[in-house]
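Below: the structure, in C-alpha cells.
The values are calculated or read from the model by the stated rules, or taken from the named source; none is laboratory data. Bear in mind that the values here come from a model prediction, so they are computed numbers and not experimental data. Here the Cβ positions follow ideal geometry from the backbone for every residue, glycine too, while neighbour counts run over all protein chains shown. All accessible areas refer to the heavy atoms of the entire protein, side chains included, with ligands and DNA or RNA removed. Shrake-Rupley method; radii C 1.70, N 1.55, O 1.52, S 1.80 Å.
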Amino acid sequence: MASLNNLAPLKADLLKQILRDTEIEKWGEENKLILIKSMMLHIGSPDGELRDRLIYGAFCDLVLGDEIEAEILSEMLKSCLNEQMLFKGVGESGADSVFTRSFTSLLIALILHADNQKDFLSRELIFEVKDQLISYITLEKDLRGFVVDKGWAHSIAHIADAFDELIKNKKITADDYVELANVLWEKIFITDYVYIHDEEERILIPLLETLKQGLPYEVIQGFVENIPVELEKQKGQLAEENYWYLYANCKKFLKSFYVEIDNDPDLLPLQKSIGACLSEI
C-alpha cells in the first residue's frame, strides 16, 4: 500500500518551480506522493505565493478532484494533527508559525469535505479530529488576518472552515453540536484584537450549520442573551482599550448574525433576541 512515510520531500524552491510549471495531470503517481509530502512540509511557508496560491491551490485541485486515495488522505489527516502542523508554535503571536497552523486547518477542512462526500474516515479518527480542533482553537492566540509581505494568516477564519466541515460530518452526533457551538462562540469574545477581515462572518458559518443540523435555536439564543451580561462583567475587569476591542467584536458579530438570518422565518425568535441584544449594548 502506498504511503508518505519514507519519501524524501523536496526543498521549497524546487517545489515552487514544479507547482508553477507542471500540471497535476502530468505528475505521475510516484511524483504525486513526493509532491504531497513536500507540500505538507512547506504548508506554512512565509512565501505567500508558495503557501496560498500554489500549495493550497494544488491541495484543492487534488482533494476536490478526487485525485488522492482514501488511505493517503487518512494518513495526511493524522499527520495534520501533530505538533509540527496544527499545533506548531501554538500560543505564539506575531510569528510565522501561524501560517503552518492556519493552512493545516484548511487542509483538514478539505479532507473532511472529502469524507463528507465519500465516507472513508473512521469514526474514531473523526472524533480525534474533533478533540484536536477544539484544543487548537482554544489555544490559538495569533489572530492576524492579512500580513504585509506574507499574505493571509487568517487562523480563525480557516479553523472555522474546518469546524464547518466537521459539523456536517454524519459521524458527529447531536450531542456534539453544543460543545462545538460553544467553543466557536468563545472566539467572539476577543479582547486584544479587533476582527477586521470578516472573521466574525466565517465563525458564523459553522454556528449556523449547527442549527441546520438540528441544534435547538434556544441554545444559541441563550448565548446571545448572555452577551450584555458578559460585557458588563468584563467592563469592570479590562483596560478600557481592551473592553472596546471586545465590544467591537461582539457588535460586529451580532450585526452579521442579524443580517444572515433575516429571511429565515424559523429563526425569527433568534433574530429578535439579537436585535434586543444590539439595542441593549
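Here are the numbers:
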{"quantity": "The listed residue being of a type in the set (Ser, Thr, Tyr) and closer than 23 Å to residue 101 by Cα, out of 173, 191, 210", "calculated": "191"}
{"quantity": "Scope the stretch 219-234; condition among the β-branched types (Val, Ile, Thr) and open to solvent by 70 Å² or more (accessible area, probe 1.4 Å); matching residues", "calculated": "229"}
{"quantity": "Any hit, the stretch 196-209, residues being surrounded by 22 or more Cβ atoms within 10 Å (Cβ to Cβ), under 19 Å from residue 277 (Cβ atoms) and hydrophobic (A, V, I, L, M, F, W, C)", "calculated": "yes"}
{"quantity": "Residue that is farthest from residue 204 (Cα to Cα) [pool: residues in the stretch 235-281 that are of a type in the set (Lys, Arg) and either open to solvent by less than 40 Å² (accessible area, probe 1.4 Å) or touching a Phe, Trp or Tyr at 6+ places or on another chain (Cβ under 7 Å) (or both)]", "calculated": "235"}
{"quantity": "Restricting the stretch 20-39 to residues that are open to solvent by less than 20 Å² (accessible area, probe 1.4 Å) and aliphatic (A, V, I, L, M), the residue that is nearest to residue 146 (Cα to Cα)", "calculated": "39"}
{"quantity": "Test: residue in the stretch 69-79 that is open to solvent by less than 50 Å² (accessible area, probe 1.4 Å) and at positive phi", "calculated": "no"}
{"quantity": "The stretch 5-19, residues that are outside any helix (DSSP H, G or I) and surrounded by 13 or more Cβ atoms within 10 Å (Cβ to Cβ)", "calculated": "7, 9, 10"}
{"quantity": "Sole residue being under 22 Å from residue 161 (Cα atoms) and outside any helix (DSSP H, G or I), chosen from 215, 211", "calculated": "215"}
{"quantity": "Boolean, residue 77 is touching a His at 6+ places or on another chain (Cβ under 9 Å) and within 22 Å of residue 129 (Cβ to Cβ)", "calculated": "no"}
{"quantity": "Hits in the stretch 20-60 - residues which are assigned to a helix (DSSP H, G or I) and touching an Asp or Glu at 6+ places or on another chain (Cβ under 7 Å)", "calculated": "24"}
{"quantity": "Residue tally, condition under 11 Å from residue 98 (Cβ atoms) and open to solvent by 10 Å² or more (accessible area, probe 1.4 Å), over the stretch 133-168", "calculated": "8"}
